[in-house]
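Below: one structure, written as structure tokens.
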Amino acid sequence: MNFAPQAAQAPQSRNTPHASHAATTFPGITTPAGPVPPHSPFWNQQRPSVMPSHRYRDAYSRVEIPLTERSWPSNTLVAAPLWVPVDLRDGNQALAEPMDPARKRRFFELMVAMGYTEIEVGYPSASQTDYDFVRLIADTDIAPEHVTIVVFTPARRDLIERTVESVRGIRNPVVIHMYTATAPTWRDTVLGKDRAVLTELILAGGRDVREFAGDAPNMRFEFSPEVFNLTEPDYALEVSDAMTTLWDATPERPVILNLPATVEIATPNVYADQIEYMHRNLARRDSVILSVHPHNDRGTGIACAELAVLAGAQRVEGCIFGNGERTGNVDIATLALNLHAQGIDPMIDFSDIDEIRRTVEHANRIEIHPRHPYVGDLVHTAFSGTHQDAIKKGFAEHRSRAESTGVSESELEWRVPYLPIDPADIGRSYDAVIRVNSQSGKGGIAYLLETEYGIELPRRFQIEFARRVQAHTDEHGAEVDAAELLAILGREYLDAGVSGADQSSSNPAGGEREGARGDRIALTSHETTSDPSGTCTRVTLSVDGLSSTHELSEGGPVAALAAVLSRRSVGIEVLSLHQTSVGTGADSAALTLLEYRGADGAPQWAAGSSPSVLGASLSAVVRAANRVYGVTDRERSASPRQAMSAV
């Protein structure tokens, strides 16, 4: 057989205008039309859009990318960088309603509790609130002595002086972070200064920082050439080296050079190249802490930060969960948990992710998206049937491996499909891992009933029950929880709720009374006795209101009841019995799932529930017998659709 690629003729519509049916429904959208580009393969029928993309230039046209040989693609992440949350400054500036002192303090205390050891706390020359918060740190003990306090300032003498005043008396290590935009567009459009003039302005600011704070032994300095990723590489290097020389960077008192992707402009590999160029060429490299501050304009802030660390960055500034101007700062929580998922200690504790989320939402007054990595309400939740089945099997394998190796489940290597980390690592329960809707399958249904009620469903019954649940979710269009699944199970297979209530109080033999549902067959009583000669089962059965008692000495109670039913012209072939329970402890109910074959020869299922295992099994047999013998009065009067649903 020949599997060589065959020439394919393009559809006749390839070069014809693409018909649009959206003009009236979506009047603001112009469906791409016109000829398919000549270079497109036949299977790609995309057509030109009206988007004015010609207005923009790619990154390589805007800034030189000097590296032609790079080492970062061969590197691997082996340790966490120094994390520096900037929520209280950069994140706060991006809020429609900036934090009040109480919210800011609560957020700061959270960061300390999580283990952040360097925190940018404000822009004290920009607002009295920020200034007062820095003074709060100076006047109280809310900052443990090992935590470095970072304050932010532009390169302007009066603002630098006020910034340094704000940190006077702080016993902690302090970083004065000075910034100036250096990219050509900012130089020309915003600042109106050429390279030489701007360099002198930056150096003047650096001299002011040294004058006001250089003698303080607990103070170090940081410089950001703002919009670094759009700045000419040689100029970024020139001004950075000038600052480390001015501030006399040494290994004992290193200078932080922070290289922001202030506005994302390119794929993450371009930023990595820019960082590696600086890493390779900086003077006094052993006296520089190379830092990055990616934004998320292209949605690739996480990737930019990870590749930048591969390229030589040692420090990452960002916000917990990524708040920030425009599309946000890089999300340092996701970055840290990405390391955790690779077996690397993030050096920050996320053991109570929901408390962290609540605090961040309270401080920012912004809700976190339910699909946000790691912290969103739905990130550990599977609705898809195939996902649920894999997760269910993965949990079972995890438990089995823990038992066989003697290693606790919380310490055992994690291999559960579709869950990159164990939700328990970050304080999440397994309750919401699997949820059921119209997209779900047997694995998710079985998982919910087992985890919530301890009900173990045999595989063949899972397939059967999933069809009933699917019909329910298709009809109602909503998610169903474990309680509703239990109700569907009772309705479809018991004609009653599944519970442990004892309905046999009037039955001295201990059997469960049938017939309350209007069934044609009811088990009035049963009794089993044993002596040296064998076992005897006594069954009293009511069929269409006529009662009869039978004694059998062969087989157990289930076989005896089936034999009695056969005598009454109700043939039931019991194929399998699966016994489980609902709940745990003394109050748990027994539940029997019975697979049987009736006159039509097709395997079917019925269920029985009782305080006793035997009562549940006999109840399941009677339930099956009613299905075989005839429908109930309720089913006779039901519509065909309702009758089918009941079956």
TODO: Give me the net charge of residue 69's neighbourhood, meaning all other residues with Cβ under 13 Å from the Cβ of residue 69; Lys, Arg count +1, Asp, Glu -1.
DONE: 0
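Rounded to a whole number, what % of the accessible area of the chain do carbon and sulfur atoms account for, probe 1.4 Å?
51
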Task: Net charge over other residues, Cβ less than 9 angstrom from the Cβ of residue 82 (K, R count +1; D, E count -1) - done: 0
- [ ] Run a plain Debye calculation on the range 340-384 (Cα atoms as equal point scatterers, no solvent) and give log10 I(q)/I(0) at q = 0.15, 0.19, 0.28 Å⁻¹, rounded to two decimals, same order as the q list.
- [x] -0.47, -0.71, -1.07
Open item on the list: Please report the projected area of the chain's Cα convex hull averaged over all directions, in nm².
Closed with: 44.6
Task: Charged-residue dipole, Cβ positions (Lys, Arg, Asp, Glu), the range 72-122 about Cα centre, Debye nearest 20 - done: 100
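For n ≥ 4 DSSP H runs only, could you compute -39500 (n - 2.57) per run for the chain, divide by its residues and tell me the 222 nm figure to the nearest 500? If you can, show how the numbers build up before the last one.
On the way: 18 runs with 222 residues, N = 647.
After summing the helix terms and dividing by the residues of the chain, the value is -10500 deg cm²/dmol.
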Task: For the range 42-176, with +1 on Lys and Arg beta carbons and -1 on Asp and Glu, the positive-most of 82, 174, 66 along the dipole - done: 66
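Return the percentage of antiparallel bridges among DSSP beta bridges fully within the chain, rounded to the nearest 5 %. Kindly include the intermediate steps, with their values, before the conclusion.
Working: 36 of 71 bridges.
Beta bridges within the chain, antiparallel portion: roughly 50 percent.
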Open item on the list: Tell me which of 583, 309, 219 sits at the most positive position along the dipole axis of the chain, charges placed on C-beta atoms (Lys, Arg +1; Asp, Glu -1).
Closed with: 583
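Under a point-charge model restricted to the Cβ atoms of Lys and Arg (+1) and Asp and Glu (-1), what is the dipole moment magnitude of the chain relative to its Cα centre, in debye to the nearest 20? All intermediate terms of the calculation are to be shown ahead of the outcome.
Values: 59 positive and 84 negative charges, 384 e Å.
That gives a dipole near 1840 debye.
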Task: Cβ-placed point charges (K, R +1; D, E -1), dipole of the range 121-164 about Cα centre in debye, nearest 20 - done: 260
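With N set to the residue count of the range 57-100, report its C-alpha Rg divided by 2.2 N^0.38 Å to two decimal places. Walk me through the numbers on the way to the answer.
Details: Rg = 18.2 Å, N = 44, 2.2 N^0.38 = 9.3 Å.
My calculation over the Cα atoms of the range 57-100 gives 1.97.
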Task: Accessible area per residue in Å² at 1.4 Å probe, computed on the chain - done: 47
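The values are calculated or read from the model by the stated rules, or taken from the named source; none is laboratory data. Computed from a prediction, not measured in an experiment: that's the story for all the values here. Virtual Cβ from ideal backbone geometry, glycine too; neighbours counted across all protein chains shown. When the accessible area is computed, the model is the full protein with side chains, heavy atoms only, and any ligands, DNA or RNA have been set aside. Shrake-Rupley method; radii C 1.70, N 1.55, O 1.52, S 1.80 Å.
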